[in-house]
1. So the check is Cβ under 7 Å with 6+ separation or different chains; which pairs have a first residue in segment 69-82 that's farther than 15 Å from residue 96 by Cβ and a second one that's exposed (fewer than 13 other Cβ atoms within 10 Å of the Cβ) and modelled with pLDDT under 90?
2. I'd like the full set of residues that are in a strand (DSSP E or B) and more than 9 Å from the ligand (Cβ to nearest atom), limited to segment 66-78.
3. Do we have any residue at all in segment 18-41 that's in contact with a helix residue (DSSP H, G or I) (Cβ under 6 Å, 6 or more places away or on another chain) and modelled with pLDDT of 90 or more?
4. How about segment 74-84: which of its residues are within 18 Å of residue 60 (Cα to Cα) and surrounded by 14 or more Cβ atoms within 10 Å (Cβ to Cβ)?
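The values are calculated or read from the model by the stated rules, or taken from the named source; none is laboratory data. A quick note: this is a predicted structure, and the numbers were derived from the prediction, not measured. Cβ sites come from the backbone with ideal geometry, for glycine too, and all protein chains shown count toward neighbours.
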Ligand SMILES: [Zn+2]
């Protein structure tokens, strides 16, 4: 009788572990985002990338284009200075330090 109880306990713990691992995996792939394909060079990388892309429900994050380098970045990671969006604070500073690009041209 005790062995059955142990088996059930093991089963529940196993299920919980699988669930926790899956959640961790999903979070990791969400965090890496676009760099996912570059980082995973394994043979399974492509299939996993497609699956995670389908599983991601929220892709509604608006993207902005950096006024300095032209890179597209998620709005939450962007820095807006003087009404112009930048991918990072460094680019905002670099853009501001330069004399206005329109006059220089
Ligand atoms: Zn930039």
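1. Partner pairs satisfying both residue conditions: 74/61; 75/61; 76/61.
2. Selection gives 72, 74.
3. no
4. 78
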